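K.L.:
Quick one: structure below, then a few questions.
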Amino acid sequence: MENYFRVGVITNTHGLKGEVKVFPTTDDADRYYDLKEVVINPEKENITLKIKNVRFFKNLVIVKFEGIDDINDVEKYKGKDLYVSRENAVPLEENEYYIADLIDMDIYDEEGNKIGVLYDVMQTGANDVYVINLDDGRELLLPVIDETVLDVNLDENKITVHILDGLL
């Protein structure tokens, strides 16, 4: 399980007073209103920046960090990803999971046979779609609905599915 989740990318600076334009990579961009801090490059530098102010412009979030009051001080962060720690992530509802926790889980059919590994999760308007690399080399796109996803067990790294007729 990952300890950090990406919530945005700094695309450019904004103005001369140290603000940045952020392209949000989270399901709900409004969560920026509740963010207190973000982390840049948590695996190496682990730079924590406290958020002073947030506002929206078109599809971007304009963010002002505490202690950064000049364009020259924020220029070095251009192109960097913004992360939040797992503790600061949006709380999950029942039967919700972080995508990062699902990737690489083993996929089993109803009879208990391992059929593949979860490679990716596509987010569509109606429902998510699991991209599964089957053990026979094919790829399966499985809609994430009650009829197909029977059980998700993070402790056992196992997802049990029912494959509808015609999907294979």
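K.L.:
For residues in the stretch 147-158 being surrounded by 14 or more Cβ atoms within 10 Å (Cβ to Cβ) and closer than 15 Å to Asp128 by Cα, which is nearest to the chain's Cα centre (by Cα)?
P.N.:
Checking each candidate, the answer is Val152.
K.L.:
Quick check on the stretch 64-89: of everything there that is part of a helix (DSSP H, G or I) and touching a residue at least 40 places away in the same chain (Cβ under 8 Å), which residue is nearest to the chain's Cα centre (by Cα)?
P.N.:
Within the stretch 64-89, the match that is nearest to the chain's Cα centre (by Cα) is Arg86.
K.L.:
Might you check whether a residue that is of a type outside the set (S, T, N, Q), touching a Ser or Thr at 6+ places or on another chain (Cβ under 6 Å) and outside the structural domain of Leu16 (by TED's automatic domain parsing) occurs anywhere in the stretch 97-109?
P.N.:
Within the stretch 97-109, one or more residues are of a type outside the set (S, T, N, Q), touching a Ser or Thr at 6+ places or on another chain (Cβ under 6 Å) and outside the structural domain of Leu16 (by TED's automatic domain parsing).
K.L.:
Give the residue, chosen from Gly112, Gly116, that is more than 18 Å from Val7 (Cα to Cα), buried (at least 16 other Cβ atoms within 10 Å of the Cβ), among the small types (Gly, Ala, Ser) and outside the structural domain of Asn12 (by TED's automatic domain parsing).
P.N.:
Unique residue meeting the criteria: Gly116.
K.L.:
Given the residues Asn72, Asn95, Asn88, Asn46, which is the only one that is exposed (fewer than 12 other Cβ atoms within 10 Å of the Cβ), on the phi < 0 side of the Ramachandran plot and not basic (Lys, Arg)?
P.N.:
Asn72
K.L.:
Only residues that are acidic (Asp, Glu) and either in a strand (DSSP E or B) or touching a Lys or Arg at 6+ places or on another chain (Cβ under 8 Å) (or both): list them for the stretch 109-157, please.
P.N.:
Once the filter is applied, which keeps residues that are acidic (Asp, Glu) and either in a strand (DSSP E or B) or touching a Lys or Arg at 6+ places or on another chain (Cβ under 8 Å) (or both), the stretch 109-157 yields Asp120, Asp128, Asp135, Glu139, Asp151.
K.L.:
Considering only residues that are in a strand (DSSP E or B) and in contact with a helix residue (DSSP H, G or I) (Cβ under 7 Å, 6 or more places away or on another chain), look in the stretch 5-22 and name the one that is farthest from Val90 (Cα to Cα).
P.N.:
So the residue we want is Thr13.
K.L.:
Identify the single condition in (1) surrounded by 14 or more Cβ atoms within 10 Å (Cβ to Cβ); (2) modelled with pLDDT of 95 or more that Asp104 does not satisfy, given that it satisfies every other one.
P.N.:
In the conditions (1) surrounded by 14 or more Cβ atoms within 10 Å (Cβ to Cβ); (2) modelled with pLDDT of 95 or more, Asp104 misses (1) alone.
K.L.:
Turning to a different aspect of this structure: Among the residues of the stretch 23-43 satisfying the criterion of being charged (D, E, K, R) and not in a helix (DSSP H, G or I), which is surrounded by the most Cβ atoms within 10 Å (Cβ to Cβ)?
P.N.:
Taking the candidates together, the pick is Glu37.
The values are calculated or read from the model by the stated rules, or taken from the named source; none is laboratory data. Predicted model, so just to flag it, every value in this text is computed and none were measured. For neighbour counting, all protein chains shown are included, and Cβ atoms are generated from backbone atoms with ideal geometry for every residue, glycine included.
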